[in-house]
Every structure is written in structure tokens, then in C-alpha cells.
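See below for the structure under consideration.
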Amino acid sequence: MADPKRDKDHEDLRERYKQLSTSKKVVLIVFLIWFAQALPKWTAAITADDELSARIMMIFVTPR
């Protein structure tokens, strides 16, 4: 059986999303896609040993 409070929270989120302007929706979706792609990479880079971590970070963070 579904939790009524949780359903209400989801409905509130849907309503807030519907009220966003199109440009804000685009920014939100792009950020979520970026986050979904970046999270595993950064997790691997942070939890790897020193040498492997440095090589992973060099790929994504270019020193200037």
C-alpha cells in the first residue's frame, strides 16, 4: 500500500516542476544529466589509490 504522505510529496514536486519556466526546466535537466554522469567518475577518483586517483583527475580536471 502506498504511503499517502509520499504520494503528496511527489505531487508537490510535480506541481513545482510544472510551474518552472522552460529555460529553468532545461537547466535542471542538463544539471541532472551531468550529475548522473559525474557521480561515478568522481567517486572512483576520490576512492582510488593515489596514483590511479591522480590519473583519473587529470582526465577531468585539467591544470591551467
*Count - residues of the stretch 7-64 that are modelled with pLDDT under 85 and small (Gly, Ala, Ser)*: 5
*Residues of the stretch 28-59 satisfying the condition of being within 19 Å of the chain's Cα centre (by Cα) and open to solvent by 100 Å² or more (accessible area, probe 1.4 Å)*: Phe31, Trp34, Gln37, Ile46, Thr47
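The values are calculated or read from the model by the stated rules, or taken from the named source; none is laboratory data. In this text the structure is predicted, and so the values were computed from the model without any measurement. Side chains included, ligands, DNA and RNA excluded: accessible areas come from the protein's heavy atoms. Shrake-Rupley method; radii C 1.70, N 1.55, O 1.52, S 1.80 Å.
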